[in-house]
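Notes follow the structure.
The values are calculated or read from the model by the stated rules, or taken from the named source; none is laboratory data. Note that the coordinates shown come from a computational prediction; the quantities given were computed from them, not determined experimentally. Positions of Cβ are backbone-derived with ideal geometry, glycine not excepted, and every protein chain shown enters the neighbour counts. Accessible surface areas use protein heavy atoms only, side chains included; no ligands, DNA or RNA. Shrake-Rupley method; radii C 1.70, N 1.55, O 1.52, S 1.80 Å.
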Amino acid sequence: MDWVVVGLDNGGTANNATVLTADGRFLVDRLVELPSMVREGPVVAVDALAEAYINILAVTGVAPEAVRAVGLDTPGPAGATGIISAKGSTNFAHPDWRGFDIRGALEDRLGIPVVYNNDGNAAALYAHHVHFGAEADRWSSVSAIVGTGLGGGVVESGEVVRGAAGMAGELGHVHIPTHDLLEPDQPVPECNCGFAGDAESVASLTGIEKNLLPYWLTRYPDHELNAVPTMRDGAKLVRSYAERGDEMALRIFGQQARALGRLFTIAANFTDPAAYFLGGGVVETTPELRAWFLAEVRENTLLRAEQAATATLALVPELDMAGARGAAIAARTLVGATLR
Ligand SMILES: [Zn+2]
């Protein structure tokens, strides 16, 4: 065997690992997870990442000498070089995480170059490479992944656009036009980042909890979700109501689809990508709801005729594995560039 790279996807509860060969094959086609221990702080968590690394080599029968680089991804917020935000964050609540260099710590621990991406960027990179295959470095794409927040990334010529401060591709915090999106008496949605009316304030689980559900329940005073103890509990149930055709739930998802369409319209005029990828809870649903949602997003993505003739809207594939796989692709690109 030629050289390989390892991809490690660090999450709130588990680390998923994969191995990618020099010629672009993944050696596992499933999740290979171990506990991430991130709540215990960085010392324990870096040990856990090293364990996930050793484990995936054992599972795939790869010799340690064959590994040229490791790709690591974590939830944000973190800088382009893998320094966890000094402000702290949901996933890295332990105080020792503040300003911690997780990339550098893992590199020291393993003695191998480690390439860092946030999880949205890693998933965007994976979606791009799956869609374009051998032609990945000729094309560009934008990915939006709807979860607790709105993550994703911008890929240009096969590589993640990072920006000067590592903050490119923060699609969730792009302001979107709210006229004809909000009802006349609906308050402008607010985001955890401090902005009002950005994409995440509508198109995320947090957006449903903080903004959309509280408003729509006032419009549907007899709706069953008025009886749920907290908005958080209610927000998590909206999708199952939408799957059963509930009118209020569909109006909430309709607003999310319009927000995503407007975000993609901004992308169309900004970088004019060849593909728009959509992932997360809004599309991990019944085929009927997914088809309706995609059609709504497409209808609200205003492309010029020349763009509509070439661009595609597609799903982020295998989202649960996309982080580790995208992280590995970034590591393989680094090794390839070093060899050239
Ligand atoms: Zn925001």
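In terms of solvent-accessible area of protein heavy atoms at a 1.4 angstrom probe, what is the ranking of K236, K210, K87, highest value first? Before the final figure, lay out the partial values.
Values: K236 125, K210 90, K87 175 Å².
From most accessible down to least: K87, K236, K210.
Quick one: which residues, 5 or more positions from L302 or on another chain, have an amide H under 5 Å from its amide H? H modelled 1.01 Å from N in the peptide plane, none for Pro or chain starts.
For L302, the qualifying residues are T265.
7 Å from Cα along Cα→Cβ at both T338 and A22: what's the point-to-point distance in nm?
Label at T338, label at A22, 1.3 nm between them.
Based on DSSP H assignment, which helices of the chain show an axial Cα extent of at least 24 Å together with a mean Kyte-Doolittle hydropathy greater than or equal to -0.5? Each step should come with its number before you reach the end.
On the way: long enough: 42-60 (27 Å, 1.49); 247-270 (34 Å, 0.45); 319-339 (31 Å, 0.93).
Span-like helices here: 42-60, 247-270, 319-339.
Measuring from the lowest to the highest alpha carbon on each principal axis, how far does region 159-218 reach, largest first, in angstroms?
The Cα atoms of region 159-218 stretch 44, 21, 20 Å along the principal axes, largest first.
Top mean-square fluctuation among A305, A52, A122, Gaussian network model of the chain, C-alpha springs under 10 Å?
Greatest mean-square fluctuation among the candidates belongs to A305.
Kindly provide the helix-only [θ] at 222 nm of the chain, computed as the sum of -39,500 (n - 2.57) over DSSP H runs of four or more divided by all residues, to the nearest 500 deg cm²/dmol?
Details: 10 runs with 129 residues, N = 340.
Computed mean residue ellipticity for the chain: -12000 deg cm²/dmol.
Using only alpha carbons, build the gyration tensor for the chain and give me the equivalent ellipsoid semi-axes, biggest first, whole Å. Before the final figure, lay out each step's value.
Working: eigenvalues 243, 107, 61 Å².
Here the semi-axes work out to 35, 23, 18 Å.
For region 133-316, what does the relative contact order come out to in percent, with C-alpha contacts under 8 Å and a separation of six or more?
Numbers: 297 pairs, mean separation 41.4, N = 184.
With pairs under 8 Å counted, the relative contact order is 22 percent.
Run the numbers on the chain and let me know its relative contact order in percent, using alpha-carbon pairs under 8 Å that are six or more apart.
Working: 691 pairs, mean separation 67.5, N = 340.
Dividing the mean separation by the residue count of the chain yields 20 percent.
Could you state the accessible area per residue of region 271-340 in Å², with a 1.4 Å probe and every protein chain left in place?
Details: 3320 Å² over 70 residues.
Value for region 271-340: 47 Å² per residue.
Go through R244, R68, R332 and list them by solvent-accessible area, largest first, probe radius 1.4 Å.
On the way: R244 165, R68 105, R332 75 Å².
Result of the area sort, largest leading: R244, R68, R332.
Which value, in Å² and to the nearest 10, is the accessible area of T265 when all protein chains are kept and the probe is 1.4 Å?
Taking all protein chains as shown, T265 has close to 30 Å².
Heavy atoms only, 1.4 Å probe, whole protein assembly: order F270, F132, F92 by accessible area, highest first.
Numbers: F270 170, F132 35, F92 0 Å².
Output order, biggest surface exposure first: F270, F132, F92.
How much accessible surface area, in Å² rounded to 10, belongs to the heavy atoms of L34 with a 1.4 Å probe?
For L34, solvent-accessible area is about 50 Å².
Under a crude label model (7 Å from the Cα following the beta-carbon direction), how far is T265 from V43 in nanometres?
5.4 nm
Take the solvent-accessible surface of the protein heavy atoms, probe 1.4 Å, and return the percent of it on region 133-316 that carbon and sulfur atoms account for.
Values: 4660 of 8620 Å².
For region 133-316, the apolar C and S fraction of the accessible surface comes to 54 percent.
Roughly how much of L27 is accessible, in Å² to the nearest 10, using a 1.4 Å probe?
60 Å²
With a cut-off of 8 Å between alpha carbons and a minimum separation of six or more residues, what is the relative contact order of region 156-227 in percent? If you can, show how the numbers build up before the last one.
Details: 66 pairs, mean separation 15.7, N = 72.
Averaging sequence separation for qualifying contacts and normalising by length gives 22 percent for region 156-227.
Where in region 263-290 does the amide nitrogen come within less than 13 Å of the point 7 Å from the Cα of E135, taken along Cα to Cβ?
Only 274-275 fall inside the zone, counting backbone N under 13 Å.
Could you run the Debye sum over the Cα atoms of region 133-316, one equal point scatterer each and no solvent, and tell me log10 of I(q)/I(0) at q = 0.09, 0.10, 0.13, 0.14 Å⁻¹, two decimals?
For the requested q values the scattering log ratios are -0.32, -0.39, -0.65, -0.74.
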